[in-house]
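A.B. asks: Take a look at the following structure, please.
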Amino acid sequence: MPRPNPPDTDAWRTGSVTVGLTLLALIAFAANSVLCRLALGRELIDPISFSAIRLGGGYLVLALLVARRFGLSTWRCGNWSSATALAAYAIPFSLAYVTLPTGIGALVLFAAVQISMLVLALRAGERLRAVQWAGFVVASGGLVYLSWPAGPAAPEPLGLLLMFGAGVGWGFYSVLGRGSQDPLADTAGNFARAFPVGLAAWLVAWLVAGLVARSSVTTSPTGIALALLSGTLTSGVGYAIWYSALRRLATTTAAAVQLSVPVLAAIGGVLLLSEAITLRLVLSTMVILGGIALSLRRPGRASPETRR
């Protein structure tokens, strides 16, 4: 008769799986920023087409992954609330990256994510200790330092507003995903509902382009390929991984760890978009990761002498 695993071993395995899933999801989030900026910054595709193809690619790959269980009936999974939040994130995200640099866009996005998830967590009854509040403040300060413009090159206000709205959408999507019992199927259902929204937005953009000379709907093979890569791998599969991790994370913890994404995105911008490695990037990375370490601290167990 096999001997059961000790409780500490099971807890260690569960924790290791959670850490692994979370790291994969965070890398996928950063890759989305880099892929989107790479496609839109070089005008390889327009933002609405990028969003529609991204949502369609995510729907396609997820539908194939759950086809053995649900056939084409992915609508049985997920829900309209999550799908609405997904679309409210994806479309403004692409529109904002027409003008925002990679690091600044990721900063605004996940600052909004942090704020929205924190508000929702507090409303649900979660409470932060002083050291966790300090961690959030330190990490947020590092994010501001990372993206604060040196000189007159301030980000465009409309781009900032669009990215903030995208962050609120993603914050709601993350909080709604914590209750998922079947992350892969629910993500597939959410993409199945969000994809028609992306198509509708593309149709509106196409009609407007025909009426307004300055508006355009453009695509290129490279732009389409980047949108599909973002949709299938870093969005579709990445979000399913994130839903799996969320089942084991407190809302406040999920908000905190996402503060590392702008750092990862900035590094991706250095490697793929020829952005410079600066002292500002190095220092802000250290501050952000230090703040995250503080925010993730748990209360220590009292010793037997203390409990008496």
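A.B. asks: Roughly how big is the stretch 20-296's charge dipole about its Cα centre, with Cβ charges of +1 (Lys, Arg) and -1 (Asp, Glu), in debye to the nearest 20?
C.D. replies: 540 debye
A.B. asks: Additional query: Any idea how far apart ARG123 and PHE70 come out in nm if each label point goes 7 Å out from Cα toward Cβ?
C.D. replies: Reported label-point gap for ARG123 and PHE70 is 2.6 nm.
A.B. asks: For the charge dipole of the stretch 20-296, defined by +1 on Lys and Arg C-beta atoms and -1 on Asp and Glu C-beta atoms about the Cα centroid, which residue among THR251, GLY58, TYR145 has the Cα displaced farthest towards the positive pole?
C.D. replies: Comparing the listed Cα positions along the dipole, THR251 ranks first.
A.B. asks: Find the percent of Cα-Cα distances in the stretch 20-296 that exceed 32 Å, and round it to a whole number.
C.D. replies: 21 percent
Values in this text are rule-based calculations from the coordinates and carry no lab data. From a predicted model like this one, the values you see are computed outputs, not experimental measurements. FYI the Cβ positions are ideal-geometry reconstructions off the backbone, even for glycines, and counts take in every protein chain you see.
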